[in-house]
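The values are calculated or read from the model by the stated rules, or taken from the named source; none is laboratory data. Note that the structure is a prediction, hence the values are computed from the model and not measured. Cβ: placed from backbone, ideal geometry, glycine included. Neighbour counts: every protein chain shown. Each accessible area value is taken on the protein alone, full model and side chains, heavy atoms only, with ligands, DNA and RNA left out. Shrake-Rupley method; radii C 1.70, N 1.55, O 1.52, S 1.80 Å.
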Amino acid sequence: MTDLDFFDFGTSSDEIIEPSPEDPRIQWFHRRNYVDASGKAKGMTVGWHSERGLREEWDTACAIAGLRTIHLKQGGKIVPYWQIGSDAKNEDDWGTASPFILAKGCPSEWDMRASKANRFGIAYGWGVDQRKALKFRAFLPEIYDKPVVFVVGGRGLVDCMLQALGKDGHYQVLRANNARLAAKELNTKTPYWGFRLTLIPGDDIDIKGKKGSSEITAIVADIPKEITGDFLASHHVGQYRELVQNEIKETNHSIEWSLRVSQEIAAGSETPEVVNEQSEGVPALPGIDNNQIREELLIVQWALAYKIPDNEISTRWPKFIAWVFGEQVTQLTGEHKAALYSKIQQQARKSA
């Protein structure tokens, strides 16, 4: 066979089904140390990020937009990420995103928990491990002319996002514009997607759980107390209206997507990956090489996750190690510690 050989099946294109390309994912990082490509410590990053190297078209768009790349140590690898908002000259804006959200609205958490049908572009649910998750499709048109997916997981971050998306967040902007429409004696209403929502890193806050507390960097909506005409003009969909509105009105894809993804979250098949968040109430291990993980920290997490009394820790810890590996291990390697950490986290999520 040569490069010039081919096989013609006589099949037309309408008989062929191809998978749709996945939307790029944007996820939230707490304040976290990052490294360069060689693993050398460089500084701290926070806010919205997207893994680099998964989608060529998205990577090209991010590079053209001038986003910077940071690297995180994950699972023994050094993984590159684009930091959203890092094209801004002001470093305070790094990690910030201002999406036009592809939704008709965001019901209250009570409404969404009351019925899985109450999804209009915002996917929400509790996974089988009792971990909250929230996702929505959106446009970041200055970077990319196709939808991206924003992803948050864990009670604290989801609560932050619901606050930003809800009646005391983005709906303030809609009400302010509706008041101006009414003043002009117009009966039309402001659509949810009509204004972008700027989401910025807030303060570090403690989230209390059943077994203690954990710290997260809050997601905050940058909405002023007084919503002026200048604010509305700077956040209005404007030149991107056709791009955004067509995605909502013509295809209705985001609404169907939010219904499906909410069901997948509840079934446990679409829980956001945990990149730098621990199970709520369980102390996190530092983001370092597995060989540097301290056994004392593992023991603390294990005792919390399995509810081990203090007076039983010293005798039951070796038995736990033997149970995990099927034999007694007296000298823990980095691989041993990583496996123990994974098992402890599984138990922590079950009991959260």
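Give 108, 98 a once-over and let me know the one that is open to solvent by 10 Å² or more (accessible area, probe 1.4 Å), at pLDDT 95 or above and either small (Gly, Ala, Ser) or out of contact with any His (no Cβ under 9 Å at 6 or more places or on another chain) (or both). Break it down stepwise before answering.
Working: 108 fails: at pLDDT 95 or above.
When all the criteria are applied, what remains is 98.
Across the range 49-73, what is the number of residues that are outside any strand (DSSP E or B), over 24 Å from residue 197 (Cβ atoms) and open to solvent by less than 50 Å² (accessible area, probe 1.4 Å)?
Within the range 49-73, residues that are outside any strand (DSSP E or B), over 24 Å from residue 197 (Cβ atoms) and open to solvent by less than 50 Å² (accessible area, probe 1.4 Å) number 1.
So which residues in the range 189-202 are closer than 23 Å to residue 27 by Cα, open to solvent by 20 Å² or more (accessible area, probe 1.4 Å) and over 16 Å from the mean Cα position of the chain (by Cα), if there are any at all?
Result: 193, 196.
Among the residues of the range 222-252, what is the count of those that are closer than 23 Å to residue 146 by Cα, open to solvent by less than 70 Å² (accessible area, probe 1.4 Å) and among the small types (Gly, Ala, Ser)?
Residues that pass the stated criteria total 1.
Quick grid of which residues meet (1) open to solvent by 80 Å² or more (accessible area, probe 1.4 Å); (2) of a type in the set (A, V, I, L, M, F, W, C); (3) not in a strand (DSSP E or B):
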residue	(1), (2), (3)
145	yes, no, yes
176	no, yes, yes
180	yes, no, yes
187	yes, no, yes
205	no, yes, no
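For the range 85-111, enumerate the residues that are more than 19 Å from the chain's Cα centre (by Cα) and not in a loop (DSSP other than H, G, I, E, B).
91, 92, 110, 111
Taking residue 48 as meeting all but one of (1) without any contact (Cβ under 8 Å) to a residue 60 or more places away in the chain; (2) within 21 Å of the chain's Cα centre (by Cα); (3) closer than 29 Å to residue 145 by Cα, write down the number of the exception.
Failed condition: (1).
Of everything in the range 233-266, what is outside any helix (DSSP H, G or I) and at pLDDT below 90? Give them in sequence order.
At the first step, the residues of the range 233-266 found to be outside any helix (DSSP H, G or I) are 236-237, 250-252.
Those that are outside any helix (DSSP H, G or I) and at pLDDT below 90: 250, 251, 252.
Can you tell me which residue in the range 16-48 is modelled with the lowest pLDDT, limited to those that are surrounded by 15 or more Cβ atoms within 10 Å (Cβ to Cβ) and not in a strand (DSSP E or B)?
First, the residues of the range 16-48 that are surrounded by 15 or more Cβ atoms within 10 Å (Cβ to Cβ): 23-35, 45-48.
Now drop any that are not not in a strand (DSSP E or B), which leaves 23-24.
Numbers: 23: 85, 24: 94.
Among them, the one singled out is 23.
Restricting attention to the range 75-125, which residues are closer than 20 Å to residue 159 by Cβ, in contact with a helix residue (DSSP H, G or I) (Cβ under 7 Å, 6 or more places away or on another chain) and of a type outside the set (D, E, K, R)?
101, 103, 105, 106, 118, 120, 121, 122, 123, 124, 125
Return the residue satisfying two criteria in turn: it lies in the range 112-136 and is hydrophobic (A, V, I, L, M, F, W, C) and within 18 Å of residue 150 (Cα to Cα), and of such residues it is modelled with the lowest pLDDT. Lay out the reasoning, then the answer.
The first filter runs over the range 112-136 and keeps only residues hydrophobic (A, V, I, L, M, F, W, C), leaving 112, 114, 117, 120, 122-123, 126, 128, 133-134, 136.
Applying the additional criterion that residues be within 18 Å of residue 150 (Cα to Cα) yields 120, 122-123, 126, 133-134, 136.
Working: 120: 94, 122: 96, 123: 95, 126: 84, 133: 92, 134: 95, 136: 96.
Out of the qualifying residues, it is 126.
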